[in-house]
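Scroll down for the structure; my scribbles are underneath it.
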Amino acid sequence: MQVSIENKEGLKRLVSVTVPAEEFKKAYTQELRKVAKTARIDGFRKGHVPTSVLEKYYGANIIGEASSAVINSSLVKALQENNLDVPGMPEITIKTCDLGQDFVYEAACEVSPEVAVKPLSELQIEKVNAEITEDDINDMIETLRQQQAKWKVVDDGEANKDSLVKIDFEGRVDGAPFEGGKAEDFSLHLGSGRMIPGFSEQIVGHKAGDKFTIQVKFPEDYHAENLKGKDAEFDITVNSVSEQVLPEVNEDFVKLFGVKDGSMETFRKDLRRNMERELKRAVTQKNASNVYEAVSKQYGEFDVPKAAVDAEIKRLRERTEANFRRYGMTRLPELKDEVFQEEALHDARLGYAIRAIVADLKLEKADDATVNENLAMIADAYENPEEVIKQLRADKQQMSYIMNKSFEDDVVKAILAGAQVTDVKKSFKELIGPNQQ
């Protein structure tokens, strides 16, 4: 096999491969034998069709399959022997595929960039530290009260920012109704931030039975293309206004959260343990984000293959769609590649920079201590942690995820160990928002 590499613009390469005629003939013969075993042609018994007849009926298909087999077997070898890291599928052009002649094809591709490693000591990174206070536990109890609150209809009360209202609404843009702009008896917690800016705020102060029209503007980054930045008006009818009734913090309340003895001391101890676990996750995530941001800034802009960017776009789209489904959306908006292009390009560059650092640090797999720590953190949320760890270790898919996560944690630790680190203390509230609580 002969291989030649032609450098094109940027990361593009043209790989020309010549496979000896006898190898192509061998692949052709193998494909012919496969066809001979299954071919059905009138006048001939299965498995006894003459070669000339097979070639007359199936010759083009046999040539095609033989060509694919030769390309599949030779291309990977050609790329490996020439140290070409190709993240995407090359574009193949067959130049010659005649029996008796050398098989010749070209593979147009992009290669991964060669990223020069930069000193970790030049990185300036904020390392976050945090701890749970008694005030944090008190705030969490209040949050749990909010979650267990009941709603009571207020017959003649005005809606405030904490009210739950049931409304009918119908929206118009440029005087015409639009898809998704109408609902009846729609439940809306006015303080949830669920609607577009200005919508909930203009319901505050109204009572059940009120009918009115509000003016709003769709955000420029709204997911529906036809509504971005558009002025709209909504006819609103308030059907009911409800206020929250919070439960008392007593034995019955505590038992709602699995504290069988109803003890406040046990309750607060369990809360602290759970909050510390979530805080540790948040601190790890924040420090990783700080590391990646610093690395991205240090390495700056450089060319990356389109296939790498496309892979990131796919990942970001899947993540966004999963978030939409998590919030109950069944009809997902159209998400074009352009929406994710900038972030995908950033993430692709970061990926190559991190890989260069990992290779330079000679990191190959997750440290056992980190794996055990992550297993313990997951299992700590259950009544029988040892049994959970045993089950996790037996689950190949789960262990693959945990091993990858642990390796990422080790990479972050290694980068922090070599960087200029500034310790910053954060509170539980700063690191974990209400939605995560």
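Using the Cα centre as the reference, give the magnitude of the dipole from point charges on the C-beta atoms of the chain (Lys, Arg: +1; Asp, Glu: -1; all else neutral), rounded to the nearest 20 debye.
On the way: 61 positive and 79 negative charges, 359 e Å.
So the dipole magnitude of the chain works out to roughly 1720 debye.
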Set the Förster distance to 30 Å, then compute FRET efficiency between Glu387 and Lys127 from the Cβ-Cβ distance, nearest 0.05. 0.30
Please arrange Val238, Val115, Val421 by accessible surface area, largest first, computed with a 1.4 Å probe and ligands excluded. Val421, Val115, Val238
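Shape verdict for segment 161-299, please, from the Cα gyration tensor: rounded (a/c under 1.5), prolate (a/b greater than b/c) or oblate.
Taking the square roots of the gyration eigenvalues as a ≥ b ≥ c, segment 161-299 is oblate.
Evaluate the relative contact order of the chain (contact order divided by residue number), counting alpha-carbon pairs under 8 angstrom at least 6 apart; express in whole percent. Display every interim value, and only then the final one.
Details: 601 pairs, mean separation 77.1, N = 437.
Over the chain, the number comes to 18 percent.
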Any idea which of Val153, Thr370, Ala282 is furthest toward the positive side of the dipole for the chain, if Lys and Arg beta-carbons carry +1 and Asp and Glu beta-carbons -1? Thr370
Within the accessible area of segment 102-237, what % is carbon and sulfur when the probe is 1.4 Å and the other protein chains stay in place? 44
Computed over the Cα atoms, what is the radius of gyration of the chain divided by 2.2 N^0.38 Å, N being its residue count? 1.42
Kindly provide the GluC sites (Glu not before Pro) of segment 282-390 that DSSP labels as loop, not H, G, I, E or B, and whose Cβ sees at most 10 other Cβ atoms within 10 Å. Glu301, Glu334, Glu364, Glu383
Under 8 Å for C-alpha pairs, at least 6 residues apart: give me the relative contact order for segment 336-428, rounded to a whole percent. 29
Cut-off 10 angstrom, C-alpha nodes, Gaussian network model of the chain. Which of Pro197, Pro177, Pro50 fluctuates the most? Pro50
Check cross-link reach from Lys336 to the aspartates and glutamates: straight Cα distance under 19 Å, and skip same-chain residues fewer than eight apart. Glu220, Asp221, Glu225, Asp310, Glu312, Glu318, Glu321, Asp347
Cα gyration tensor category, rounded, prolate or oblate, for segment 322-437 with a/c compared to 1.5: rounded
Just report the Cα centroid separation between segment 54-114 and segment 324-366, whole Å. 31
Accessible area per residue in Å² at 1.4 Å probe, computed on segment 101-165: 58
Is the shape of segment 1-145 rounded, prolate or oblate, going by the alpha carbon gyration tensor and its root eigenvalues a ≥ b ≥ c, with a/c under 1.5 for rounded and a/b larger than b/c for prolate? oblate
Label-point separation (nm) for Asp270 and Ile196, each offset 7 Å from Cα along Cα-to-Cβ? 4.4
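When only DSSP loop residues count, what trypsin sites (Lys or Arg not before Pro) in segment 82-191 have their Cβ near at most 13 other Cβ atoms within 10 Å? Intermediate results must be reported in sequence, preceding the final value.
On the way: sites: Lys95, Lys127, Arg145, Lys150, Lys152, Lys161, Lys166, Arg172, Lys182; in loops: Lys161.
Filter output for segment 82-191: Lys161.
Counting pairs of alpha carbon atoms under 8 Å apart in space and at least six apart in sequence, what relative contact order in percent does segment 194-237 give?
Numbers: 57 pairs, mean separation 17.0, N = 44.
Relative CO of segment 194-237 lands at 39 percent.
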Distance between modelled label sites at Ser73 and Lys429, nm, 7 Å Cα→Cβ extension: 6.9
If R₀ is 35 angstrom, what is the calculated FRET efficiency for the pair Thr320 and Tyr57, using the beta carbon separation as r and rounding to 0.05? 0.10
Placing +1 on the Cβ of each Lys and Arg and -1 on the Cβ of each Asp and Glu in segment 50-129, which of Asn61, Pro119, Met89 has its Cα farthest towards the positive end of the resulting dipole? Asn61
Between Lys211 and Thr93, with labels modelled 7 Å along Cα→Cβ, what's the label distance in nm to one decimal, could you check? 6.9
My understanding is that a pair violates if its Cα-Cα distance is over 27 Å; which of Lys286/Lys314; Lys280/Lys396; Lys25/Lys46; Lys217/Lys306; Lys12/Lys77; Lys207/Lys255 do that in this structure? Lys217/Lys306; Lys207/Lys255
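Taking each full run of DSSP H in the chain as one helix, which ones are at least 15 Å long along their axis (Cα atoms) and have mean Kyte-Doolittle hydropathy of at least -1.0? Can you show the working numbers first?
Details: long enough: 21-38 (26 Å, -1.14); 51-81 (40 Å, 0.25); 134-147 (20 Å, -1.32); 264-299 (52 Å, -1.29); 306-326 (30 Å, -1.24); 337-361 (35 Å, 0.09); 368-379 (16 Å, 0.42); 396-418 (33 Å, -0.20).
In the chain, the long hydrophobic H runs are 51-81, 337-361, 368-379, 396-418.
For Ala21 and Glu364 in one chain, what is 0.36 nm times their gap in residues minus the Cα-Cα distance, to one decimal in nm?
Details: separation 343, 0.36 × 343 = 123.48 nm, distance 4.18 nm.
Residue separation times 0.36 nm, minus the Cα-Cα distance, leaves 119.3 nm.
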Quick one: how many lysine pairs in segment 107-190 have C-alpha atoms under 27 angstrom apart, if they're 8 or more apart or on different chains? 8
Gain in span if fully extended, Ala108 to Glu158, counting 0.36 nm per residue against the direct Cα distance: 11.2 nm
Using the beta-carbon distance between Val117 and Val204 and R0 = 51 Å, what value does 1/(1 + (r/R0)^6) give for FRET efficiency, to the nearest 0.05? 0.35
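The values are calculated or read from the model by the stated rules, or taken from the named source; none is laboratory data. Note that the coordinates shown come from a computational prediction; the quantities given were computed from them, not determined experimentally. Because the Cβ atoms are built from the backbone with ideal geometry, glycine has one as well, and the counts that use them run over all protein chains shown. Heads up: the accessible areas ignore ligands, DNA and RNA and are worked out on the full protein's heavy atoms, side chains in. Shrake-Rupley method; radii C 1.70, N 1.55, O 1.52, S 1.80 Å.
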